[in-house]
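For reference, the structure is listed below as structure tokens.
The values are calculated or read from the model by the stated rules, or taken from the named source; none is laboratory data. None of the values given here were measured: they were computed from a predicted structure. As a convention, Cβ positions derive from the backbone with ideal geometry for all residues, glycine included, and neighbour counts pool all protein chains shown.
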Amino acid sequence: NKAQAWSARFSEPVSDLVKRYTASVGFDQRMANFDIQGSLAHADMLASIGIISSDDKAAIEHGMAQILEEIASGQFTWLLDLEDVHLNIEKRLVELVGDAGKRLHTGRSRNDQVATDIRLWLRNEIDIATDLLRQLRRELAKLALQHNATILPGFTHLQVAQPVTFGHHLLAYAEMFGRDAERLADCRKRVNRLPLGAAALAGTSYPIDRERVAKTLGFDEVCRNSLDAVSDRDFAIEFCAAAALIMTHISRLSEELVLWMSPRVGFIDLADRFCTGSSIMPQKKNPDVPELARGKTGRVNGHLIALLTLMKGQPLAYNKDNQEDKEGLFDSADTIRDTLTIFVDMISGIKVKADAMRAAALQGFATATDLADYLVKKGVPFRDAHETVAHAVRHCEEKGCDLADLSLAELQAFHPSIGQDIFAVLTLEGSVAARKHIGGTAPERVKLEAQRVLDQTAG
Ligand code: ARG
């Protein structure tokens, strides 16, 4: 059992099953580049305070450069016996540069090392996801600008409520993804703190320069308590929460895409490259990508709960439980990365069927509220106006027509103050154009808002 770094203390080897059970190298090797980056910053600091010589530092740098190449080219042999990414790399370094490699771990523990690696890795993922959210908002805004005046029914309870513009509807999602980006930016502040220097839990007796390491690695701050530094995973939980909300928004959008693409609704068509056919029903074109995205939301929500549960019973400081933080975190980041990347492309390829949207908006008395508002402007109290319009709608339902199909005389039978000017109000265009305040659905407002998002997201 010589391979294990701590083997001298033990009288019998672990079984193969326990070895597999306790190892993390199968999944934590993806942090290798960040592990090496952290080690180089640590070695630089050790040399700066004279704990290792500048020759040792140079040897470590040389060895790490080779290891990076070996990993990149797939030549590096990852050994289960060496448990995790940290010990695998350290062992190879010692093979390559001897004693200098053995000095690297001075004043450091895998506990502060792994916490540093995860933060470096996650910071990079946050930056990638943030840029993808920017691109997605941009595609939504571009389509919104194109469809600032395209009208479709707005729904509440999935029943036709009031006409809205398709651009306005798309910009609702741009708002959601904008808040998601804000959340990532806020989470990033707490990710970007350096745990290294906490060592196993109590700090170290060497006169280390943590500020220097933080600066080298681009951390804004240094974790202020060694016990907290090695055991804090709040930052990962926050990221998983932000990822769950991103997927929640993606899932809502997906649900609408699926609905809009259903032949019964027929508001849009997705590009063929995001759909698949059926092996039995030749007529099918299924919106697989949005359906899968909606489905993958489940696992990302699950990872948040798993991490919260992982942390809730842990006493200070580091416990091996923490090794379980990675797979869910990695999967959350991978899932939002792939999903957002696909959605950027998919949104830009949406084919809008404006005629079908308009036809749907003309059904279901979408301008009933406008008629009520019209009466209010003529001096009728809103509750009375509401009642009057309800009668008119009922009449139309019996007659099988829309409010705009009634003659002036018929409308006046419901209220004498209705005049010829009502017909402009009852049109879909009149209805949306009237809502031109900030946050409203009017084409002129949508144009401004879309332009604002485009300005904000310019690359
Ligand atoms: N593989 C471990 C993890 O992911 C690294 C830290 C191990 N530390 C320890 N004392 N066993 O958390």
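Which one of THR309, THR335, THR297 is closer than 23 Å to ALA229 by Cα, out of contact with any Leu (no Cβ under 7 Å at 6 or more places or on another chain) and either at pLDDT 95 or above or within 16 Å of the ligand (Cβ to nearest atom) (or both)?
Every option except THR309 fails the conditions.
Would you point out the residue of segment 95-117, among those that are more than 16 Å from SER53 (Cα to Cα) and of a type in the set (Val, Ile, Thr), that is nearest to the ligand (Cβ to nearest atom)?
The selected residue is VAL114.
Among the residues of segment 407-430, how many are among the aliphatic types (A, V, I, L, M) and buried (at least 16 other Cβ atoms within 10 Å of the Cβ)?
So the answer is 6.
Could you please let me know if ALA229 is surrounded by 20 or more Cβ atoms within 10 Å (Cβ to Cβ), closer than 30 Å to PHE155 by Cα and touching a Cys at 6+ places or on another chain (Cβ under 7 Å)?
no
Show me the helices (runs of 4 or more DSSP H) found entirely inside segment 1-103 where at least 2 residues are crowded, with 20+ Cβ neighbours inside 10 Å.
32-48, 54-72, 85-97, 99-103
Could you please find all residues in segment 144-163 being of a type in the set (A, V, I, L, M, F, W, C) and buried (at least 21 other Cβ atoms within 10 Å of the Cβ)?
ALA144, ILE151, LEU152
Looking at ILE208, ILE250, which is the one that is outside any helix (DSSP H, G or I), among the β-branched types (Val, Ile, Thr) and crowded, with 21+ Cβ neighbours inside 10 Å?
ILE208 is the lone residue from the list that is outside any helix (DSSP H, G or I), among the β-branched types (Val, Ile, Thr) and crowded, with 21+ Cβ neighbours inside 10 Å.
Please work out which one of (1) of a type in the set (Gly, Ala, Ser); (2) at pLDDT 95 or above; (3) surrounded by fewer than 21 Cβ atoms within 10 Å (Cβ to Cβ) is the condition ALA404 fails and give its number.
Condition (2) is where ALA404 drops out.
Within segment 373-384, which residues are within 15 Å of LEU426 (Cα to Cα) and either of a type in the set (Asp, Glu) or without any contact (Cβ under 8 Å) to a residue 24 or more places away in the chain (or both)?
If the condition is that a residue be within 15 Å of LEU426 (Cα to Cα) and either of a type in the set (Asp, Glu) or without any contact (Cβ under 8 Å) to a residue 24 or more places away in the chain (or both), then ASP373, VAL376, LYS377 are the ones that fit.
Considering only residues of segment 315-332 that are of a type in the set (Asp, Glu) and buried (at least 18 other Cβ atoms within 10 Å of the Cβ), which is nearest to the ligand (Cβ to nearest atom)?
ASP325
Assigned to a helix (DSSP H, G or I), in the same structural domain as ALA47 (by TED's automatic domain parsing) and away from the ligand (no atom under 16 Å from the Cβ), is that true of LEU133?
Judged against the criteria, LEU133 is not a match.
Determine the pairs where a residue that is over 24 Å from ALA43 (Cβ atoms), located within segment 209-236, has a partner that is surrounded by 18 or more Cβ atoms within 10 Å (Cβ to Cβ) and among the basic types (Lys, Arg) with Cβ atoms under 7 Å apart, the partner being 6 or more residues away or on another chain.
PHE235/ARG119
Looking at (1) under 20 Å from ALA115 (Cβ atoms); (2) part of a loop (DSSP other than H, G, I, E, B), which is the only condition CYS187 fails?
(2)
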